[in-house]
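Accompanying notes for the structure given below.
Every read-out reported here was derived from the displayed coordinates using simple, explicitly stated rules and does not represent laboratory data. All figures in this text were calculated on a predicted structure; none of them were measured in a lab. We place every Cβ from the backbone using ideal geometry, glycine too, and count neighbours over all the protein chains shown.
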Amino acid sequence: MGIFDRIGNSFKAGVNKIMDANEDTEALIDQAIRDKDEALNEARTKSAVVFGNVKRLEKEMISSKEDMSNWESKIKLAIEKGNDELAGKAIAKQKECEATCVSLTKSYGAAKITADNLKKSLLELGDDLKDLRGKRDGLIARLKTAEAAQQVNAITANVKTKGNSIDLDRLERKIEETESLAEGLGELKVDSLEDEFEALEKTSVSDDLAAYKAKYAKQ
């Protein structure tokens, strides 16, 4: 597994841990940022070796091309001087340089592609880390809001459960039954002897009216 695969898997595991664990979300996000930062630094360090190798291959490739050119000049000089034997030796050396140059060119091309891909991946990781840092406060706020909402919903659900609910209809019927019973008991009340004498002592409105009429009739 390549370093970028391991970094990606590590970061995904960190995000899943944040979403699943019942721990302090702020600390978890900060830890995820630190882990991603460390992974990015490790990737940069290892990628530096690849970049250094590309530079070395490039220099060797350029040097081999210069050697080819130098031997080309020597071949020309030997031919001009009429020294065919020396020209033949120079041609052999020139061919060796050419073969080396072809090999180095292929190696350089492959290394350059790898290095370019590494640079792209490093930039993407850097952007991800920058984005995570930029969204840190917002993510913490969202997670804490979600946790608070979950707690409120849990409380609300608990209040609405059958064991904690109040049957208002049943309560109202019970009150009505109690009121009816009280009225019924009132109807069953029997006046005592004292109540009967008290009623005799009370003067009705009609008796008072008759008294006033008799009084004014004498005047």
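Excluding MET61 itself, calculate the net charge of residues whose Cβ lies under 13 Å from the Cβ of MET61, where each Lys or Arg counts +1 and each Asp or Glu counts -1. Mind showing how you got there, number by number?
Details: positive: LYS55, ARG56, LYS59, LYS65, LYS106, LYS112; negative: GLU58, GLU60, GLU66, ASP67, GLU98.
In short, +1.
Work the Kirkwood hydrodynamic radius out for region 27-144: mean of 1/r over every pair of different alpha-carbon atoms, inverted, in Å. The partial results should precede the final answer.
Details: mean 1/r = 0.0549 Å⁻¹.
Computed over region 27-144, the radius equals 18.2 Å.
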